[in-house]
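Notes follow the structure.
All of the numbers you see were taken from the coordinates with simple rules; none came from a lab. From a predicted model like this one, the values you see are computed outputs, not experimental measurements. Every residue, glycine among them, receives a Cβ derived from its backbone with ideal geometry; neighbour counts consider all protein chains shown.
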Amino acid sequence: MNTLIGGPGNDTLVGDNCDDNLIGGAGNDLLLGVGGNDLLDGGAGNDTLAGAAGEDLLDGKDGNDLLSGGDGIDVLDGGKGNDTLIGDRGDDNINGADGDDRLIWNNGDGSDIMEGGAGFDVVEVNGANGAGDNFALNPFGPRVRFERLNLGLFNLNVNDVEQFEINGLGGDDTLTVNDLSGTDVQLVVFNGGDGNDFLDGSHAVLPLVGIGGNGNDTLIGGAGDDNLRGDAGNDSLVGGAGDDNLIGDAGNDTLIGGDGDDNLVGGDGDDVLISGNGITTFSFDSGAAFNSSNLGLDSILNFIGGQDRISLEQDTFTAL
């Protein structure tokens, strides 16, 4: 076993195929495990730790650190500071510890146990590029279970995390968000990317942010105050309960407010905007002069006089 100890400066410590101990100490250090089952200790400073092959233990200690486990079953601990932790291949144990940390799963990684620790922590999931993921986010006692139900199966066992960010990265992606009451999760963000994506948050209580991306997307909110945006394509957006903000953007979109006081923005295209039971604001603000060439053939349904509101935000209106 080799032991390399850095000094007070910014050190680069590189192991070999043996089992190495790399101790950075003070300074912004780079520690590379290479092969073997290594111990990487960043010490103070903003350090970068990469385990590579083997079953490694990575400890960022103080500072805003970047930890990457590599192949093998690794243990990652961010320590103090706002850290970024990537398990990579293998079924890893990832602990953000103190600070506002980001715990990342990339397509092809294993099934990980994730602990956010103190601070406002985020789990980022990046799906299969162009393949179309089917994701589900469910309560697991006080913890959260995130899993993929198609392609390469995996699951994340998560605790003490306040936000999920799920990126479909192309393909026809699906995310189902169930009731996460009793967990630490406060917000779920879904970005479908290209493809015809489906967000089902109908059983969710917390707020959702849904971004359809290019394609004909369906985004369904839940009981929280949701922000849903279709982007390009002919999209269907349903707010559900809560005070929701629905933006169709380009394409012929259908926006349904549901319960709560909602804001519906059709954007470009021939849109259908449907009021729910609350006070609904129908907004027309495309960022350009409001005239017959860019107005589109929009329809407003279930408008309640004395309650709902039509907002015309432009300075020039030649279509009225």
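Points worth noting:
- Region 13-111: C-alpha gyration tensor shape, a/c 1.5 cut-off, then a/b vs b/c: oblate
- Charge dipole of the chain about the Cα centre (unit charges at C-beta), most positive-ward option of L67, F164, G215: G215
- Net length gained if the chain between A136 and D179 were fully extended (0.36 nm per residue, minus Cα distance): 14.3 nm
- Three-way shape label, region 136-243, alpha-carbon gyration tensor, a/c 1.5: oblate
- In nm, spacing of pseudo-spin labels at N150 and D270 (7 Å Cα→C-beta vector): 3.1
- Estimated inter-spin distance, I5 and N106, nm [label 7 Å along Cα→Cβ]: 3.4
- Overall form of the chain: prolate. Here a/c, set by the Cα gyration tensor axes a ≥ b ≥ c, is 1.5 or more, and a/b is the larger of a/b and b/c.
- Förster radius 35 Å - calculated FRET efficiency between N157 and S202 (Cβ-Cβ, nearest 0.05): 0.90
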